[in-house]
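Written out below as structure tokens is the structure these notes cover.
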Amino acid sequence: MVQLVETTKPLNFLAIGYQLAEEFAKTAAERDQLRYAEGDRNGGSRPIHEIEQLRQSGLLNLVIPTIYGGLGETSWVKIFGLIREFAKADGSIGQLFGNHTSIVSSLSTSNPTQVEQLYTLLRYSAAQLVLGKCSQCP
């Protein structure tokens, strides 16, 4: 399991993301087979453990500006590369992470007086909150 460790060095989010993607790929096919074998497209074996790993990795704070305590990544080439790695490993995780990143980055267009509050809320709640289209997620 990948763990975010507090450090003064910048977080190598690509290395952490690629390592997570490798781990997600190990169980993605099995979870999909179980879900479809049970005839429950939205139930069965959801990626609950994998979503928890994503939460704990710190990557949910990827696009939150550093002045608000996030990782402050602005290179969409790198961000989309990471989304693509997650999607190759597990389509559900790729979609969820892509949606989350897009929604969080769009907050910067909010009312300037609310931006700091929104990012601060997200940073502190990232361990619990994943934004995206995932009605069946924990």
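Across region 58-79, what is the number of residues that are without any contact (Cβ under 8 Å) to a residue 12 or more places away in the chain and closer than 11 Å to T101 by Cβ?
The qualifying residues number 1.
Among the residues of region 63-72, write down those that are touching a helix residue (DSSP H, G or I) at 6+ places or on another chain (Cβ under 8 Å) and either farther than 26 Å from I48 by Cβ or assigned to a helix (DSSP H, G or I) (or both).
Within region 63-72, P65, Y68, G69, G72 qualify.
Answer with yes or no whether N42 is within 9 Å of the chain's Cα centre (by Cα) and modelled with pLDDT under 90.
no
Please work out which one of (1) buried (at least 19 other Cβ atoms within 10 Å of the Cβ); (2) aliphatic (A, V, I, L, M); (3) out of contact with any Ser or Thr (no Cβ under 6 Å at 6 or more places or on another chain) is the condition I103 fails and give its number.
For I103, the exception is condition (1).
The values are calculated or read from the model by the stated rules, or taken from the named source; none is laboratory data. Worth saying up front: this structure is predicted, and the values here are computed from it rather than measured. Don't worry about glycine lacking a Cβ; one is built from the backbone with ideal geometry, like all the others, and counts go over all protein chains shown.
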